[in-house]
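Please read the structure below before turning to the comments.
Just so you know, all these numbers are worked out from the coordinates, no wet-lab data involved. A quick note: this is a predicted structure, and the numbers were derived from the prediction, not measured. Neighbour counts run over all protein chains shown; Cβ positions are idealised from the backbone, glycine included.
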Amino acid sequence: MRIEEIWPPFGVVLRCEDIEMRIVRQTDAPELVDVALGGVHDPEYMPFATSWTDVPAEELPAQTFRHIGTGPARVVPEKWQLTFLVRVNGEAAGLQDISATNFPITRTATTGSWLGLRFHGRGIGTRMRRMVCSFGFEGLGALRLESEAFADNGPSLAVSRKVGYRDNGTEIDQRRGQSAEVQRVVVTPETFVSGPPPVMEGVEPLRRFLKITDD
Ligand SMILES: CC(C)(COP(=O)(O)OP(=O)(O)OC[C@H]1O[C@@H](n2cnc3c(N)ncnc32)[C@H](O)[C@@H]1OP(=O)(O)O)[C@@H](O)C(=O)NCCC(=O)NCCS
């Protein structure tokens with residue numbers, strides 16, 4: 001059997017112009033570590049609650065590998081996380097994930113992402129979010145896609161707003177040991193501002209695997 005037949009997430013491909021997204025594999029780690037070593041954010045500003053980038057440079061490769069989190073145990077119909085490696089013109093640029101609990105019932109999923117610093121500010125974050133939303137809504141039949149960012153994460157919230165997310169309340173989390181406000185956002189098929197439709201491969205086998213039915 002081919003690996004895509006054994007493990008349908010590996011058969012999923014999203015393509016749009018120069019961007020290609022496939023479920024990350026352990027063999028992608030060397031490229032992703034290079035991206036992470038080039039920086040993911042300004043060291044002065046921490047965008048993540050789980051500050052996986054706050055380690056000495058010599059620990060970052062293993063930390064990035066840990067963060068990729070491709071363990072098959074993370075994908076069962078009741079609870080899954082699909083983490084896409086984002087390539088721009090074939091070059092690894094960052095990760096875009098989508099995760100859900102009880103998706104066949106809730107039809108709700110959550111997204112998160114990061115890009116290497118040199119890919120920031122070129123519209124790639126917006127395009128990959130639109131691609132994963134198209135995959136969520138049209139591919140998987142989601143009714144709501146949620147996200148969140150620290151309230152002072154201007155670029156992340158700007159991407160959400162461009163893609164049609166609306167504010168969905170706030171909460172308080174910790175960041176580097178300090179309290180920080182989190183802005184939650186939500187997008188529905190009605191508010192979604194899509195881009196050019198991505199070409200999607202491997203969606204039907206994935207739906208069967210995740211026990212997502214048509215109704
Ligand atoms: C969040 C992230 C994925 C966005 O990707 P990106 O490719 O830089 O985003 P884009 O270029 O598509 O869009 C960024 C938008 O933010 C805007 N922006 C930039 N800095 C901003 C700020 N300080 N305040 C408000 N808006 C800002 C830009 O003007 C742009 O909007 P525009 O196209 O309308 O001009 C990327 O910045 C990143 O990886 N950041 C570090 C990790 C992170 O924060 N992840 C999200 C955690 S919730």
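None of Glu181, Glu138 is within 20 Å of Ser99 (Cβ to Cβ), more than 12 Å from the ligand (Cβ to nearest atom) and surrounded by fewer than 20 Cβ atoms within 10 Å (Cβ to Cβ) except Glu138.
Evaluating Met1 against the criteria (1) aliphatic (A, V, I, L, M); (2) part of a helix (DSSP H, G or I); (3) exposed (fewer than 12 other Cβ atoms within 10 Å of the Cβ) leaves one unmet condition, (2).
Among the conditions (1) away from the ligand (no atom under 16 Å from the Cβ); (2) within 23 Å of Val185 (Cα to Cα); (3) of a type in the set (Val, Ile, Thr), the only one that Val75 does not satisfy is (2).
Just one of the listed residues (Arg208, Arg118, Arg130) is within 16 Å of the ligand (Cβ to nearest atom) and exposed (fewer than 15 other Cβ atoms within 10 Å of the Cβ), and it is Arg118.
This table checks each residue for (1) touching a residue at least 60 places away in the same chain (Cβ under 8 Å); (2) part of a strand (DSSP E or B).
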residue: Pro104; (1), (2): yes, no
residue: Ala109; (1), (2): no, yes
residue: Arg127; (1), (2): yes, no
residue: Met131; (1), (2): yes, no
residue: Phe137; (1), (2): no, no
residue: Val159; (1), (2): no, no
residue: Asp167; (1), (2): no, yes
residue: Gln174; (1), (2): yes, yes
residue: Gln183; (1), (2): no, yes
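Listed by first and then second residue, the pairs with beta-carbon distance under 6 Å, at least 6 apart or on different chains, first residue in segment 34-49 and under 20 Å from Gln96 (Cβ atoms) and in a loop (DSSP other than H, G, I, E, B), second of a type in the set (Asp, Glu) and more than 9 Å from the ligand (Cβ to nearest atom), are Ala49/Asp173. Among the residues of segment 64-90, none is identified as touching a helix residue (DSSP H, G or I) at 6+ places or on another chain (Cβ under 8 Å), surrounded by fewer than 16 Cβ atoms within 10 Å (Cβ to Cβ) and either free of Cβ contacts under 8 Å to residues at least 12 places away in the same chain or within 18 Å of Met21 (Cβ to Cβ) (or both).
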